[in-house]
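Report on the structure given below.
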Amino acid sequence: MTVRTRFAPSPTGYLHIGGARTALFSWLFARKHGGTFILRIEDTDRERSTQESVNAILEGMTWLGLEYDEGPFFQTHRFDRYAEVVDDLLERGLAYRCNCSRERLDGLREKALAAKEKPRYDGHCRDGEVSADEPHVVRFKNPLDGIVVVDDLIRGRVAFDNTELDDLIIRRTDGTPTYNFTVVVDDLDMELTHVIRGDDHLNNTPRQINMIRALGKEPPQYAHVPMILGSDGQRLSKRHGAVSVMQYRDDGYLPEALLNYLVRLGWSHGDQEIFTIDEMIELFDIDQVNKAASAFNTDKLLWLNQHYIKDSDPLRIARLLSPHMGKLDIDPAQGADLVEVVKAQQERAKTLVEMADISAFAYKDFDEFDADAAKKHLRPVAREPLERVQAALSTLTEWSGEGILSCVTQVSEELGLNMGKVAQPLRVAVVGRAASPSIDVTLMMAGREATLRRIDKALAFIRAREAAA
RNA sequence: GCUCCCAUCGUCUAGCGGUUAGGACGCCGCCCUCUCACGGCGGUAACAGGGGUUCGAAUCCCCUUGGGAGUACCA
């Protein structure tokens, strides 16, 4: 039997972290077993579904590299099929028309709550004959007794009593089908073997199984993955910190870092933390997935992102970094070789946004010195070292790392100072702040002109300071 | 309220009857060092509580507590 899994988001928003992980697990499971991964858009809620969301979800999947083999299928394109199945159920007496009023339903609900019971439809129309000509919904005839067992790949055996379930609506008054029903029809029609989805669907599963059985079929295997919580331990939701996966791209994260982070959220393979995509596919196993919800932790994502930035081909990083430079009004083609910049900054940046920020000095002058750095390093004592190093640098016939370094060491030796006493003021003068790659690389990045010019500026700064003292 | 699910360091987790309860992120030291990083070394820190079962429980069972989900003519 070929494995067939699906990811079935509803297009009522962007692809968020939780959805992305569910998609990842489904995708990995299919890939591991040489199966098929299907994308299905559950857009039966026509009020809230938007094309914009569909695009956002597709874009997110693409960015993460979670390519699907079939789909995307849209449920709104399958209304004829759902109608057909509802009619069949109706004919076979496994579903019935119901015209109970909103008021009656509300009353039922209130009464149940007052009696400390679970609100349930009472089956009022179950045996009645509501005409197809009057407004009505169609309800599924849920078994009245017995238990439904969900053999969950992650949770184990979970049993529900049929008396806890009621006759759910499968077709609305306006003729459109409802979620729990379309899922059943689709999962069956698409011949899914494994349904991997969020924990929040566990309670829907017994109803779905009952419908599947009514349709004369056997349910697929289920695996309900736990939720992802926000860093505060609260549930991640659209209104609570669940940001779009595309936001992570914009914030300078690499897709492989996000994927690696996500796969370790709720799943593990011994003590291993770093997984290539191939390793994930090879090692992933659904029954190694944790049962407990887990909290999203940005620090760890940051660590992974840095790891992947550090380990990646500089050429690729440069390509990904480019748009972030653009946001800083920098055209990387004008100035230092971006690939060289990446090589110099690879182990200094946790995100591409940060890398762009700390590399800007190689392309344009900064507005002002970082206050702390200037206070500490652009002091009167730094004046002579700066003047000397500037003089030495200006005589360099070739602007090279070796030449730059020898200027700095030579000046520090002449003045009997530690190299830091020369390099730090020089660094602050050229970069505007106290941290940058090694001094030779830094000056190479800034270039001869900018270096000499900025030293002038730093010297002016020191003189002004002396004058003020 | 009712039904269902869950519970190991702050966080992600290993553990699947016998371990000094391991790793990772973070944090704190030290080393490296022209700064920042990287890297190396070391440290901090957990079995929610209570009952059982057992020669022996983080591991199995029950209860409590605490989280979460569902309870829609949403998905």
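Among residues of the range A:274-300 that are part of a helix (DSSP H, G or I), those with a Cβ under 6 angstrom from a residue that is of a type outside the set (Lys, Arg) and open to solvent by 70 Å² or more (accessible area, probe 1.4 Å), sequence gap 6+ or separate chain, pair up as A:283/A:269. Mind checking whether some residue in the range A:63-75 is under 18 Å from the mean Cα position of the chain (by Cα), without any contact (Cβ under 8 Å) to a residue 40 or more places away in the chain and within 15 Å of residue A:19 (Cβ to Cβ)? No, the range A:63-75 contains no residue that is under 18 Å from the mean Cα position of the chain (by Cα), without any contact (Cβ under 8 Å) to a residue 40 or more places away in the chain and within 15 Å of residue A:19 (Cβ to Cβ).
Picking from residues in the range A:13-43 that are part of a loop (DSSP other than H, G, I, E, B) and farther than 20 Å from residue A:201 by Cα, the one that is nearest to RNA strand B (Cβ to nearest atom) is A:33.
Hey, does the range A:462-469 have a residue that's closer than 30 Å to residue A:326 by Cβ, more than 16 Å from RNA strand B (Cβ to nearest atom), touching a helix residue (DSSP H, G or I) at 6+ places or on another chain (Cβ under 8 Å) and basic (Lys, Arg)? No; the residues of the range A:462-469 include none that is closer than 30 Å to residue A:326 by Cβ, more than 16 Å from RNA strand B (Cβ to nearest atom), touching a helix residue (DSSP H, G or I) at 6+ places or on another chain (Cβ under 8 Å) and basic (Lys, Arg). Run down A:455, A:439, A:462 and say which single residue is among the hydrophobic types (A, V, I, L, M, F, W, C) and under 21 Å from residue A:347 (Cβ atoms). Residue meeting the stated conditions: A:439. The residue that is nearest to residue A:228 (Cα to Cα), counting only those in the range A:292-313 that are open to solvent by 50 Å² or more (accessible area, probe 1.4 Å) and more than 7 Å from RNA strand B (Cβ to nearest atom), is A:298. Of the residues A:199, A:189, the single one that is within 14 Å of residue A:292 (Cα to Cα), charged (D, E, K, R) and in contact (Cβ under 8 Å) with a residue 40 or more places away in the chain is A:199. Going through (1) within 15 Å of RNA strand B (Cβ to nearest atom); (2) touching a Ser or Thr at 6+ places or on another chain (Cβ under 9 Å) one by one, residue A:57 falls short only on (2). Number of residues in the range A:152-162 that are open to solvent by 20 Å² or more (accessible area, probe 1.4 Å) and within 9 Å of RNA strand B (Cβ to nearest atom) equals 7. Looking only at the range A:109-133, count every residue that is open to solvent by less than 30 Å² (accessible area, probe 1.4 Å) and either polar (S, T, N, Q) or within 12 Å of RNA strand B (Cβ to nearest atom) (or both) and tell me the total. Residues in the range A:109-133 being open to solvent by less than 30 Å² (accessible area, probe 1.4 Å) and either polar (S, T, N, Q) or within 12 Å of RNA strand B (Cβ to nearest atom) (or both): 4 in total. The single condition among (1) open to solvent by 80 Å² or more (accessible area, probe 1.4 Å); (2) of a type outside the set (Gly, Ala, Ser); (3) over 33 Å from the mean Cα position of the chain (by Cα) that residue A:327 does not meet is (3).
Among the residues of the range A:398-419, is any within 16 Å of RNA strand B (Cβ to nearest atom), within 22 Å of residue A:372 (Cα to Cα), open to solvent by less than 60 Å² (accessible area, probe 1.4 Å) and assigned to a helix (DSSP H, G or I)? No, the range A:398-419 contains no residue that is within 16 Å of RNA strand B (Cβ to nearest atom), within 22 Å of residue A:372 (Cα to Cα), open to solvent by less than 60 Å² (accessible area, probe 1.4 Å) and assigned to a helix (DSSP H, G or I).
Looking across the range A:188-205, the residues that are in contact with a helix residue (DSSP H, G or I) (Cβ under 8 Å, 6 or more places away or on another chain) and either among the acidic types (Asp, Glu) or near RNA strand B (Cβ under 9 Å from one of its atoms) (or both) come down to A:189, A:198, A:204.
When the residues of the range A:420-436 are filtered to those that are surrounded by fewer than 22 Cβ atoms within 10 Å (Cβ to Cβ) and within 39 Å of the chain's Cα centre (by Cα), the one that is farthest from RNA strand B (Cβ to nearest atom) is A:432. Residues of the range A:134-151 being in contact with a strand residue (DSSP E or B) (Cβ under 8 Å, 6 or more places away or on another chain) and surrounded by 16 or more Cβ atoms within 10 Å (Cβ to Cβ), which ones? Once the filter is applied, which keeps residues that are in contact with a strand residue (DSSP E or B) (Cβ under 8 Å, 6 or more places away or on another chain) and surrounded by 16 or more Cβ atoms within 10 Å (Cβ to Cβ), the range A:134-151 yields A:136, A:137, A:138, A:139, A:140, A:141, A:148, A:150.
Any idea how many residues of the range A:154-167 are touching a residue at least 24 places away in the same chain (Cβ under 8 Å) and either assigned to a strand (DSSP E or B) or under 34 Å from the mean Cα position of the chain (by Cα) (or both)? Within the range A:154-167, residues that are touching a residue at least 24 places away in the same chain (Cβ under 8 Å) and either assigned to a strand (DSSP E or B) or under 34 Å from the mean Cα position of the chain (by Cα) (or both) number 4. Identify, from the list A:326, A:335, the residue that is more than 9 Å from RNA strand B (Cβ to nearest atom) and over 29 Å from residue A:424 (Cβ atoms). Of the residues listed, the single one that is more than 9 Å from RNA strand B (Cβ to nearest atom) and over 29 Å from residue A:424 (Cβ atoms) is A:326.
The values are calculated or read from the model by the stated rules, or taken from the named source; none is laboratory data. All values reported here derive from a predicted model rather than from experimental measurement. Glycine gets a Cβ as well: all are built from the backbone with ideal geometry, and neighbour counts include every protein chain shown. Side chains included, ligands, DNA and RNA excluded: accessible areas come from the protein's heavy atoms. Shrake-Rupley method; radii C 1.70, N 1.55, O 1.52, S 1.80 Å.
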